Amino acid sequence: MESVCAQADHPEMDPYGSHTMPLYQTSTFKFKDVEAGRRFFAHEAGGATHSYSRLGNPTVQQVERTLAAMETIDMENEGEAMLFGSGMAAITTGIMALAAGKRVLAQEALYGCTSQFLQEDAPRFNIRVTNIDPNDLISVQKALSEHDDVGLVYLESIANPTMRVCDLQAITDMAHRHGALVMVDNTFATPYHIRPLNFGVDLVAYSTTKYLNGHGTVIGGALTAEKGFFEATELPVFRKNFGGVSGPFDAWLTLMGLKTFPLRMKQHNENTRVVADYLSTHPKISRYWYPGHPSHPDAEIIDRHLVNGYGGMIAFELIGGMQAGVEMMNRVKFCTLAVSLGTVDTLIQHPASMTHSVVKPEIRQKAGITDGLVRLSVGIESPEDIIDDLEQALS
Ligand SMILES: Cc1ncc(COP(=O)(O)O)c(C=O)c1O
């Protein structure tokens with residue numbers, strides 16, 4: 001992955017021989033003649049290579065090639081990727097394409113806007129939604145058997161913000177036996193730690209806003225799959241017509257981020273392990289969730305699913321609950337109180353009042369998103385600085 005990423009911005013063929021991928025900041029492309037344009041739109045060989053940036057842009061496609069290679073780095077089959085203007089554009093386009101007129105079995109604990117889309121918006125488009133706890137395989141099997149209209153099972157590989165990890169292999173096997181597809185949001189884990197296609201997952205979603213860009217300069221998203229899946233499910237047409245494409249500049253910034261992605265992930269991992277060790281014995285912390293700690297409820301699944309470490313995210317609760325958490329977050333100085341995650345600097349936030357405030361309180365409670373939960377995205381700064389700040393904020 002290091003090599004794929006370090007050369008992410010090498011264009012296959014630039015007319016001027018540019019070493020790095022140019023930013024094709026253009027909405028439209030010139031046709032040599034009418035025949036070139038006609039052939040492009042008729043999908044015939046020998047026509048123009050590009051027509052209009054909503055239908056394809058060289059800078060965007062360079063990111064897509066890189067993401068596809070990263071996702072399938074240890075697979076025989078080739079992959080494909082589509083870049084979007086945001087993680088939510090990728091997720092909603094994917095769900096609409098795969099589940100229109102069908103039922104989605106959706107994990108209870110999901111990123112707030114995904115949860116809101118599934119609970120409130122999707123049913124308005126004739127998508128029926130049933131919540132599942134993917135860590136209870138018997139109930140997943142029951143839901144699949146009870147409903148004969150399930151088209152899609154929707155999961156997060158590491159759930160935001162509860163940090164639960166589910167058995168992708170087992171759920172995918174069950175879903176496929178019932179003729180349903182599986183879509184997984186892999187934003188927290190990234191392809192560095194989990195490559196869901198290896199477990200039979202059909203479609204993978206990302207908010208590239210997070211680790212893949214890494215610098216906090218972009219809102220973006222992506223879908224990845226094995227080659228052929230997009231055409232088979234008409235995803236390119238859905239993206240073209242819903243129009244949630246990435247702008248070329250955002251794609252270019254993502255490309256710049258991808259060059260150091262594995263290096264950043266390595267440091268996120270190391271720092272998070274050190275910060276998690278510190279938090280695990282802190283007298284003011286009542287509970288904490290970090291995939292790298294044996295106390296994690298899904299330790300056995302984590303062993304089978306994660307590679308290269310455990311990622312950069314920690315969730316915890318303070319003795320004193322919500323009030324204690326609010327006071328602590330108001331006191332941080334070195335860490336930044338902000339939503340988002342996966343940036344090179346450390347971010348801390350309160351899901352119940354911020355990222356997950358759009359989720360109905362009863363669903364939050366059921367999904368384990370308690371009012372006292374604090375979410376920490378550990379950056380690549382010196383870990384001592386992060387710990388010093390947490391120490392003063394907790395004292
Ligand atoms: C797990 C997860 N998925 C999807 C999204 C949505 O991504 P975006 O903000 O890029 O639309 C987020 C945003 O925080 C997220 O945390």
Tell me, please, whether a residue that is touching a Gly at 6+ places or on another chain (Cβ under 6 Å), among the aliphatic types (A, V, I, L, M) and not assigned by TED's automatic domain parsing to the domain that holds Glu226 can be found in the stretch 19-40.
yes
For the stretch 296-370, which fully contained helices (runs of 4 or more DSSP H) count at least 1 residues that are at pLDDT below 95 and not assigned by TED's automatic domain parsing to the domain that holds Thr162?
321-331, 361-366
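Taking the options His282, His293, name whichever one is free of Cβ contacts under 8 Å to residues at least 24 places away in the same chain, under 24 Å from Arg375 (Cβ atoms) and outside any helix (DSSP H, G or I). Step through it out loud before you land on a result.
Values: His282 fails: free of Cβ contacts under 8 Å to residues at least 24 places away in the same chain.
None of the others qualify; the one that does is His293.
Pick out the one residue from Gln365, Gln349, Gln323 that is farther than 27 Å from Phe199 by Cβ and crowded, with 17+ Cβ neighbours inside 10 Å.
Gln349
Does Leu155 satisfy being outside any strand (DSSP E or B), hydrophobic (A, V, I, L, M, F, W, C) and at pLDDT 95 or above? I'd like the intermediate steps shown before the answer.
Values: outside any strand (DSSP E or B): no; hydrophobic (A, V, I, L, M, F, W, C): yes; at pLDDT 95 or above: yes.
Considered against the rule, which asks whether it is outside any strand (DSSP E or B), hydrophobic (A, V, I, L, M, F, W, C) and at pLDDT 95 or above, Leu155 comes out as no.
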Here are Phe261, Phe242, Phe230, Phe199: which of them is in contact (Cβ under 8 Å) with a residue 40 or more places away in the chain and over 22 Å from Thr66 (Cα atoms)?
Phe242
Conditions first: (1) out of contact with any helix residue (DSSP H, G or I) (no Cβ under 8 Å at 6 or more places or on another chain); (2) more than 23 Å from Arg287 (Cβ to Cβ). Thr162 passes all but one, so which condition is the exception?
(2)
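Residue under question is Leu105, and the condition is that it be at pLDDT 95 or above, under 19 Å from the mean Cα position of the chain (by Cα) and not basic (Lys, Arg); does it hold?
Numbers: at pLDDT 95 or above: yes; under 19 Å from the mean Cα position of the chain (by Cα): yes; not basic (Lys, Arg): yes.
Here the answer is yes, as Leu105 does meet what is asked.
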Would you check if there is a residue in the stretch 102-117 being over 21 Å from Glu12 (Cα atoms), among the polar types (S, T, N, Q) and exposed (fewer than 14 other Cβ atoms within 10 Å of the Cβ)?
no
Restricting the search to the stretch 45-101, which residues are in a helix (DSSP H, G or I), more than 16 Å from the ligand (Cβ to nearest atom), under 29 Å from Cys113 (Cβ atoms) and out of contact with any strand residue (DSSP E or B) (no Cβ under 6 Å at 6 or more places or on another chain)?
Thr59, Gln61, Gln62, Arg65, Thr66, Ala69, Met70, Ala97
Among the residues of the stretch 195-224, write down those that are over 11 Å from the mean Cα position of the chain (by Cα), more than 10 Å from the ligand (Cβ to nearest atom) and outside any helix (DSSP H, G or I).
Arg195, Gly200, Val201, Asp202, Leu203, Gly214, His215, Gly216, Thr217
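Quick check on this structure: which one of Arg273, Arg287 is of a type in the set (Lys, Arg), part of a strand (DSSP E or B) and either more than 16 Å from the ligand (Cβ to nearest atom) or free of Cβ contacts under 8 Å to residues at least 24 places away in the same chain (or both)?
On the way: Arg273 fails: part of a strand (DSSP E or B).
It is Arg287.
Within the stretch 138-152, which residues are in a helix (DSSP H, G or I) and over 23 Å from the mean Cα position of the chain (by Cα)? Working first, answer last.
Initially, the stretch 138-152 is screened for residues in a helix (DSSP H, G or I), giving 138-146.
Matches in the stretch 138-152: Ile138, Ser139, Gln141, Lys142, Ala143, Leu144, Ser145, Glu146.
Does at least one position in the stretch 142-153 carry a residue that is touching a residue at least 40 places away in the same chain (Cβ under 8 Å), β-branched (Val, Ile, Thr) and touching a strand residue (DSSP E or B) at 6+ places or on another chain (Cβ under 8 Å)?
Taking the stretch 142-153 first, the residues touching a residue at least 40 places away in the same chain (Cβ under 8 Å) are 147, 149-153.
Subset that is β-branched (Val, Ile, Thr): 150, 153.
Filter again for touching a strand residue (DSSP E or B) at 6+ places or on another chain (Cβ under 8 Å), leaving 150, 153.
Yes, the stretch 142-153 has at least one match.
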Scan of the stretch 158-186 for residues that are in a loop (DSSP other than H, G, I, E, B) and either out of contact with any strand residue (DSSP E or B) (no Cβ under 9 Å at 6 or more places or on another chain) or of a type in the set (A, V, I, L, M, F, W, C) (or both), ordered by number:
Ala159, Met163, Cys166, Asp167, Ala180
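Looking at the stretch 151-166, can you tell me whether even one residue there is among the polar types (S, T, N, Q), within 15 Å of the ligand (Cβ to nearest atom) and under 18 Å from Met88 (Cβ atoms)? Lay out the reasoning, then the answer.
To start, the set of residues in the stretch 151-166 that are among the polar types (S, T, N, Q) comprises 157, 160, 162.
From what is left, the residues that are within 15 Å of the ligand (Cβ to nearest atom) are 157, 160, 162.
Still in the list and also under 18 Å from Met88 (Cβ atoms): 157, 160.
Among the residues of the stretch 151-166, at least one is among the polar types (S, T, N, Q), within 15 Å of the ligand (Cβ to nearest atom) and under 18 Å from Met88 (Cβ atoms), which makes the answer yes.
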Name the pairs whose Cβ atoms lie under 6 Å apart, with the first residue in the stretch 371-387 and over 13 Å from Leu318 (Cβ atoms), the second surrounded by fewer than 19 Cβ atoms within 10 Å (Cβ to Cβ), and 6 or more positions between them or separate chains?
Gly379/Val344; Gly379/Asp345; Ile380/Gln267; Ile380/Val344; Pro383/Val274; Asp385/Phe334; Ile387/Tyr278
Can you tell me which residue in the stretch 4-48 is nearest to Arg195 (Cα to Cα), limited to those that are of a type in the set (S, T, N, Q) and modelled with pLDDT of 95 or more?
Gln25
Give all pairs with beta carbons closer than 6 Å in which a residue from the stretch 65-89 that is in the same structural domain as Ser246 (by TED's automatic domain parsing) and of a type outside the set (Asp, Glu) meets a residue that is in a loop (DSSP other than H, G, I, E, B) and more than 16 Å from the ligand (Cβ to nearest atom); count only pairs at least 6 apart in sequence or on separate chains.
Thr66/Ala8; Met70/Met1; Ile73/Met1; Gly79/Thr72
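The values are calculated or read from the model by the stated rules, or taken from the named source; none is laboratory data. These numbers were taken from a predicted model, which means no experiment stands behind them. Backbone-built Cβ (ideal geometry, glycine too); neighbour counts: all protein chains shown.
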